Amino acid sequence: MRISLPSLAAMAGLMVSFASLAQPVPHPSNGRAFEEAIVPRVYITIPADTLDWILQNVTSDKEWHADFVHMHYGQADSVQDVGFRLRGNTSRYSGKKSFKISFNSFTPGARWEGLKELNLNGEHNDPSMSRARMGWHLLSDLGLSASRTSHVRLYINGDYYGLYANVEHINDDFVERRYGGKAGNLYKCLWPATLAYLSNNPNDYKFTSGGRRAYELKTNQTADDYSDLANFIQVLNQTPLADLPCALEAIFDVNEYLYTLAVEISIGHWDDHANNKNNFYLYQSPTDGLMHFITYDLDNTFGVDWFNQDWTAKNIHAWGDQNNNYPLYARITAVPEYQLRLQLFLAEVNAQMASNAYIARSLSYRDQLYNYVGSDPAYPLDYGYGSTDFYDAWHYPSGGHVKKGIFPFINQRISNTQNQFISGNANPVLWRPRLVGASNQGPVHATVVLLDESTPTSVLLQYRESGSTVWTSVDLYDDGLHGDGAAGDRTYGNSFNVTGSVNQIDYRFAAQDIQGQLGQWPCTYATHTLHPFPAVILNEAQSANQNTVYDQNGDDSDWLELYNLSSSSASLVGLTLSDDPTQPGAFRFKSGSIAGNGHQVVWASDDTTQYANHAAFKLSSGGDWLGLYFRDSAGTYHLLDEVQIPALAPDQSYGRFTDGHPQWVVFDQHPTPFVANAGALSQPESIAKEFYASPNPFVGGTWINGKSQELPSRLTVTVVNAQGQLIHSEQGIKLPYFWKGAEASGLYWVQIWKGDQLVGTATVAQER
C-alpha cells in the first residue's frame, strides 16, 4: 500500500503531529532570553584594543572579559565580566561574524536566565536570516530536541553590529531540561565524525582533527570515559542486520533518530551526519539508559546549496552520501522496517510544514525583521544582500548558493517525497513507553505513543512479577479517560495495581492493527522497580486561584492537593513536589503525615518564608507540569505520579474525576481543596470573598478577619460544612473573630453577615 500525500494547500491540519502528544521531549519556555514577540537589544562593552584583537585573530577561541546588557521591553538586565569570543567554523572568515557570550567563564556558576552561554549567529549565508529558526521551530513543534531561538540586535561598544540569531547552546543544561538529567556523557560530533567502527578500545575514539576531537566530550571531562560511545558504535556497526533492531533499540532511541532524520531530509539539511559527517550531538541519558541523537547548525537548509545538488529531489531512501558508507544512516535505513517507519515520520513532518500555523509563523519572521535588516550594517558585507533580497527570500531564489525560495522549496520537497514513497506498511510503532509509579502500594500508570497508518484493534501492556512465567494484560486506551492525555492524540494509557510484596515487574507493550500487523516494545521485556513508598498520589491543582480559598496569610495562592489511596496513615517524609522535572526536589516534606484516604494541600506560593507547606514555585495558568517524587535514603528520586495541567481560567481547578480515578477533569465551578473530588459544593457565586482565616489549615481554632474591612460590631457568623449543613451560628461578633472549630476534620465555609446581607465568606480547612 502506498501512503498518499495531498498538496501543500490541502495538508494543513491533515495529521496530528507529535507536538500534540502527551510525551514530547520537553521544550522549556522561552523566557526573557528567547523572547519572540520583540527583537531585544544586546549591548557588549569591551576594551577597543581587545575587540580589534578578536576580529583579527579569527581562529582563536580565547575568551575575553566584557560586560553584557540585555534590553527587554525597556528593562535592562546587566551581567558584569562575561566571556566574549568569536564562534563558528567558516563564519569566522566572513564579513559578518558570529559571537559567543559565556556568563560563567570568569564567575564560576554564574547564569543569566538559567543560561551559561548565548550563541549569536550572523547567519551570513542566509538572506532570510530565518532558515535556522524555522528548522528549530519545526523540531520543537514535533516534540523533538531543539534549541530555543529568537533574534536580537547586537551593539558592541555602542556601535550597531546588526541583526543576529540568538540560539540556545547545547550543553549539560540543555540535555537536563530535555532528558531529565545531565549526569550522562554528551558528545559534540563534528567533521569527520562518521561513527565508523575503529576498535573496542574507547580511547581510539578520542582522535583529533583540526585541533579538536571529532567526538568531543562536553560533560564528565575529568573521567573522560568513552566506553558508552565505543559500545554504541560497536553495536551499530558489527551487529548482523537481521539482529540490529533489537540490539540497537536497547541502547539507542531509534524512533527519535528517524523522526529527526525525517526533519533533516524535509528541510534539506545536507550539512549533517549523513552527508557531511558533521553537526550532531549524542547524549547518553542515565534516565532511560538510551543514547539520543540531537541535530544542530540548521542554517544551510530550505534551498541553500553549495554543491549543485537539488535537495528537494534527492531520494528519501538514498539521502546520505552514497559514495561513503556513514553507518548511522546507512545501517539503520538498510533495515526494511525502518525504511517504512521513516516514511511515517516524513508524512508527519510534511504535514506540519504545510500547516497554516507553520507558514504563518514563518511569514511573521519576515514582517518582524524587515526593518531591522535594512539598518544592519553587516548584512550586505558577504554577498551584497539588501532589503529586497531579504523580503523575496521566502518566495524566490537569491542567486549563488541560495537556489530556491523557502516556500517553493517546501512545496517541491513535499511533492517529491510523495513520489518517492515505496510500497508497504510499517508495523505499529510503539514509542516513548513510560511507566510512572515507583510505589508497590499505589497504582502504576503506563502510557505509550502509537504510530500506525491504520486503526489499531488493540494496544496493551503485559506485565509479570519478575521471575514469574505468568503475564497479565492491561488494555490501553486513547479516550482521554485513562490518564492518556487528550482523546485521539495517539497516546494510550491506563493504570494497574500490583500486589504489595512485589519489588520488580517485567513489562512490554504490544499493538495490533486491523491489517493484523504486530508491533512490540521492547523485543523481549523491560524491568520496572517498585519500592515500599507511601500510596500517595496527585489529586487536584489550581493555577489561577482568585476567590476559591485563601492560605494562612489571607493570600489567594495557587495550590495542589495530594490524596492517600490507602486506609492507613502515610508519612509524608521523603515526598517531594516539583513543577520542573529537572528539579525533582523543589519542595520537600520534612515532617507530617496524611490520614488514611485523606488529603493534603500544598500552597504553590513561591514564598517559603510563610508557614509550612508553601512551595518555592508557582503554577502557570497557561498550563504546567507537576510531579510527585519519593527521595530515598541514597538521595535518588523516584517518580510516583505526574500530571500535565491544562490552561485554566480563574478559579477553575484540574483534578481526578473522583479521588484516585485515572481521569482528570476541569472543575469549572467548585474546586475541592482539602476534601473529596466528588459532588458539587454550593456557595453563592456573587459574594466577594474578602475574608480569610489564619492559620489555615488549623487545629484547635482559627482567627477570621477581613481584608481592609471597615465593619461594625454586631455581625453574625455562620459555619457550613461540606455537605451544606449549618453547624454553628453566633450573633453580635466583631472582627477578628476566633472560631474554635468543629468536631470533624474537613472543609468549612465561614460566612459573615451584616443583618440579612451576606458580606463575605472564608474557606477553612480543619485538621484533627
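The values are calculated or read from the model by the stated rules, or taken from the named source; none is laboratory data. These numbers come from a predicted model, not from an experiment. Cβ atoms come from the backbone with ideal geometry, glycine included; neighbour counts cover every protein chain shown.
Residues of the range 213-246 being buried (at least 16 other Cβ atoms within 10 Å of the Cβ), assigned to a helix (DSSP H, G or I) and small (G, A, S), which ones? Listed by number, the list holds a single entry, A230. Each residue in the range 358-373 was checked for being hydroxyl-bearing (S, T, Y) and surrounded by 16 or more Cβ atoms within 10 Å (Cβ to Cβ), and 4 of them qualify.
Of the residues making up the range 264-288, not one is at pLDDT 95 or above, under 15 Å from E249 (Cα atoms) and of a type in the set (G, A, S). From the list R131, R92, the lone residue that is basic (K, R) and surrounded by fewer than 20 Cβ atoms within 10 Å (Cβ to Cβ) is R92. Is it true that some residue in the range 286-294 is under 30 Å from F407 (Cα atoms) and in the same structural domain as Y215 (by TED's automatic domain parsing)? Scanning the range 286-294, I find at least one residue that is under 30 Å from F407 (Cα atoms) and in the same structural domain as Y215 (by TED's automatic domain parsing), so the answer is yes.
I need every pair where a residue in the range 589-609 that is within 20 Å of G660 (Cα to Cα) and not assigned by TED's automatic domain parsing to the domain that holds S578 has its Cβ under 9 Å from the Cβ of a residue that is in a strand (DSSP E or B) and at pLDDT 90 or above, sequence separation at least 6 or different chains. Sorted first by the residue in the range 589-609, then by its partner, the list stays empty. Set side by side, the residues T417, T447 differ, and just one is buried (at least 17 other Cβ atoms within 10 Å of the Cβ), at pLDDT 90 or above, touching a helix residue (DSSP H, G or I) at 6+ places or on another chain (Cβ under 6 Å) and not assigned by TED's automatic domain parsing to the domain that holds G623, which is T417.
For Y259, the stated conditions do not hold, so it cannot be described as over 25 Å from the mean Cα position of the chain (by Cα), among the hydroxyl-bearing types (S, T, Y) and buried (at least 20 other Cβ atoms within 10 Å of the Cβ). Being of a type outside the set (A, V, I, L, M) and surrounded by 13 or more Cβ atoms within 10 Å (Cβ to Cβ) is a property that holds for D204. Please find, among K590, K618, the residue that is out of contact with any strand residue (DSSP E or B) (no Cβ under 9 Å at 6 or more places or on another chain) and among the charged types (D, E, K, R). It is K590. In summary, A193 fulfils each of the numbered conditions (1) surrounded by 23 or more Cβ atoms within 10 Å (Cβ to Cβ); (2) under 23 Å from R32 (Cβ atoms); (3) among the aliphatic types (A, V, I, L, M) with the single exception of condition (2).
Of all residues in the range 268-283, those that are on the phi > 0 side of the Ramachandran plot have Cβ atoms under 6 Å from Cβ atoms of residues that are hydrophobic (A, V, I, L, M, F, W, C) and assigned to a loop (DSSP other than H, G, I, E, B), 6 or more apart or on another chain, in G268/W311; K277/W191; K277/A193. Can you name the residue in the range 469-491 that is touching a residue at least 12 places away in the same chain (Cβ under 8 Å) and out of contact with any strand residue (DSSP E or B) (no Cβ under 7 Å at 6 or more places or on another chain) and, of all such residues, is surrounded by the fewest Cβ atoms within 10 Å (Cβ to Cβ)? In this case the residue turns out to be G488.
Among the residues of the range 490-529, those that are assigned by TED's automatic domain parsing to the domain that holds E453, farther than 13 Å from V459 by Cβ and assigned to a loop (DSSP other than H, G, I, E, B) comprise N497, V498, T499, G500, S501, V502, N503.
Across the range 582-597, the qualifying residues are those that are part of a loop (DSSP other than H, G, I, E, B) and either of a type in the set (S, T, Y) or surrounded by 21 or more Cβ atoms within 10 Å (Cβ to Cβ) (or both), and the one among them that is nearest to the chain's Cα centre (by Cα) is T582. Looking only at the range 681-688, decide whether some residue is surrounded by 13 or more Cβ atoms within 10 Å (Cβ to Cβ), at pLDDT 80 or above and of a type in the set (A, V, I, L, M). No, there is no match, as no residue in the range 681-688 is surrounded by 13 or more Cβ atoms within 10 Å (Cβ to Cβ), at pLDDT 80 or above and of a type in the set (A, V, I, L, M). Of the residues making up the range 34-52, just one is among the small types (G, A, S) and either touching a strand residue (DSSP E or B) at 6+ places or on another chain (Cβ under 6 Å) or not in a loop (DSSP other than H, G, I, E, B) (or both), namely A48. Please specify each residue of the range 538-562 satisfying the condition of being surrounded by 23 or more Cβ atoms within 10 Å (Cβ to Cβ) and part of a strand (DSSP E or B). The answer is N539, E540, A541, Q542, D558, W559, L560, E561, L562. If you go through the range 106-155 and keep only what is part of a loop (DSSP other than H, G, I, E, B), under 24 Å from P47 (Cβ atoms) and either at pLDDT 95 or above or within 21 Å of the chain's Cα centre (by Cα) (or both), you end up with F106, K116, G122. Looking across the range 700-753, the residues that are part of a loop (DSSP other than H, G, I, E, B) and at pLDDT 80 or above come down to G700, G701, K734, L735, P736, K740, G741, A742, E743, A744, S745.
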